[in-house]
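Chemist: My questions all concern the structure below.
The values are calculated or read from the model by the stated rules, or taken from the named source; none is laboratory data. All values derive from a computational prediction rather than experimental measurement. A quick note on method: Cβ atoms are made from the backbone with ideal geometry, for glycine too, and the neighbour counts reach across all protein chains shown. Quick note on the areas: whole protein, heavy atoms, side chains included, nothing else; ligands and nucleic acids left out. Shrake-Rupley method; radii C 1.70, N 1.55, O 1.52, S 1.80 Å.
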Amino acid sequence: MTSSFQLGPGLIATSIAAILLEILIPLGLGWLVARRLGVSWRYFAYGALIFGLFQIISRIPLVQITQALIAPQLQASRPLLLAWVTLLALTAGLFEEFGRYVGYRWLMRHEPKTWDKAVMYGLGHGGIESMLLIAGLSALTLVQLIALAQTDLSTLPLTPEQRAQVAQQLAEIAAQPAWAGLAGVWERVWAMMFHVAMSVLVLQVFRRGSLRWLWLAIGAHALLDWVVAALPLLVPLSGSARLLVSEGLVMLAGLCGLWLIMRLRDQPAATPSTPDAGV
């Protein structure tokens, strides 16, 4: 079975543009915040470090290993797959938001925790995800797809059923409109707004002296991840419709995040003298 799909030049071009933008936009937003708010890039680095520690180094490898071990069971059982998606959403919320808390608690331990710093901190968190995970994986996927377009699928060490499944997946990718390559950029812009909002939300733990803000951030993050991942399992969508619904949900979360960012700007601390006390 030879490869019967071809990536259109428009889709390749927009995919390359998306990869570049997913790297440049976080840096551009960081530069804008540093210039307008006078915040050090150190807080961008703090956000990137926390994401690296609590996602790239810890959670993601654990998820990949576990998923590889239970892959046959997940494919055979939709209820089990939905339970797995729920667990992924919960662990994402726990790891990322607790990580933000740790960053505030230890990396900024002996300094005032302000809204301006929280914005830059959130950009670093969401920015490194965009630059490393999204742009990096997109680049790798694009290279693989271009290679597969020139490959005879019959030479791959796959069963006939697996070859047919791969061929179907490749055909669906090739059928995407050229603008689909830029969908990831649209999602990242709103996802970064959500990350900033979560950083501002966790900041309230220290500004207002209550851990309930941390649990609120964990719940909001887990809910968004669950809805985006579970909806395709619950509602049959395909092609552009599935892509548009997913990006629309992230955009809605980003818009809510923007409202939250501005709503919590410059709120007075609950305990001005010792904002970390008791938390």
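Chemist: Which of the following residues is touching a helix residue (DSSP H, G or I) at 6+ places or on another chain (Cβ under 9 Å) and farther than 18 Å from Asp266 by Cβ: Ala149, Ala197?
Modeler: Every option except Ala149 fails the conditions.
Chemist: Now for a separate question. Among the residues of the range 86-109, is any free of Cβ contacts under 8 Å to residues at least 24 places away in the same chain and open to solvent by less than 70 Å² (accessible area, probe 1.4 Å)?
Modeler: So far as the range 86-109 goes, no, none of its residues is free of Cβ contacts under 8 Å to residues at least 24 places away in the same chain and open to solvent by less than 70 Å² (accessible area, probe 1.4 Å).
Chemist: When you scan the range 218-236, how many residues do you find that are of a type in the set (Val, Ile, Thr) and farther than 14 Å from Val85 by Cβ?
Modeler: Within the range 218-236, residues that are of a type in the set (Val, Ile, Thr) and farther than 14 Å from Val85 by Cβ number 1.
Chemist: Additional query: Which condition number in (1) surrounded by 12 or more Cβ atoms within 10 Å (Cβ to Cβ); (2) of a type in the set (D, E, K, R); (3) over 14 Å from the mean Cα position of the chain (by Cα) is the one that Arg59 fails?
Modeler: (3)
Chemist: Are any residues in the range 15-37 under 11 Å from Leu182 (Cβ atoms) and surrounded by 15 or more Cβ atoms within 10 Å (Cβ to Cβ), and if so, which ones?
Modeler: Hits for the range 15-37 are Ser15, Ala18, Ile19, Leu21, Glu22.
Chemist: Only one of (1) open to solvent by 20 Å² or more (accessible area, probe 1.4 Å); (2) closer than 22 Å to Val33 by Cβ; (3) over 22 Å from the mean Cα position of the chain (by Cα) is not met by Val205, so which one is it?
Modeler: (1)
Chemist: Continuing with this model, one more query. For Trp226, only one of the following conditions fails: (1) touching a residue at least 60 places away in the same chain (Cβ under 8 Å); (2) outside any helix (DSSP H, G or I). What is its number?
Modeler: Status for Trp226: all satisfied but (2).
Chemist: When only residues in the range 125-171 that are hydroxyl-bearing (Ser, Thr, Tyr) and modelled with pLDDT of 80 or more count, which is surrounded by the fewest Cβ atoms within 10 Å (Cβ to Cβ)? So that I can check it myself, show each step before the final result.
Modeler: From the range 125-171, those hydroxyl-bearing (Ser, Thr, Tyr) are 130, 138, 141, 151, 154-155, 159; that's our starting set.
Subsequent filtering for residues that are modelled with pLDDT of 80 or more retains 130, 138, 141.
On the way: Ser130: 27, Ser138: 18, Thr141: 13.
Here the answer is Thr141.
Chemist: Residue pairs, Cβ under 8 Å, 6 or more apart or interchain, first in the range 187-216 and more than 16 Å from Glu96 (Cα to Cα), second among the acidic types (Asp, Glu) and not in a helix (DSSP H, G or I). List them.
Modeler: That search, which allows pairs on different chains as well, returns Phe206/Asp276.
Chemist: Would a scan of the range 234-243 turn up a residue that is at pLDDT 95 or above and either in a helix (DSSP H, G or I) or touching a strand residue (DSSP E or B) at 6+ places or on another chain (Cβ under 8 Å) (or both)?
Modeler: No, the range 234-243 contains no residue that is at pLDDT 95 or above and either in a helix (DSSP H, G or I) or touching a strand residue (DSSP E or B) at 6+ places or on another chain (Cβ under 8 Å) (or both).
Chemist: Filter the range 203-255 down to residues that are farther than 19 Å from Ala89 by Cβ and of a type in the set (Val, Ile, Thr), then give me how many there are.
Modeler: The qualifying residues number 1.
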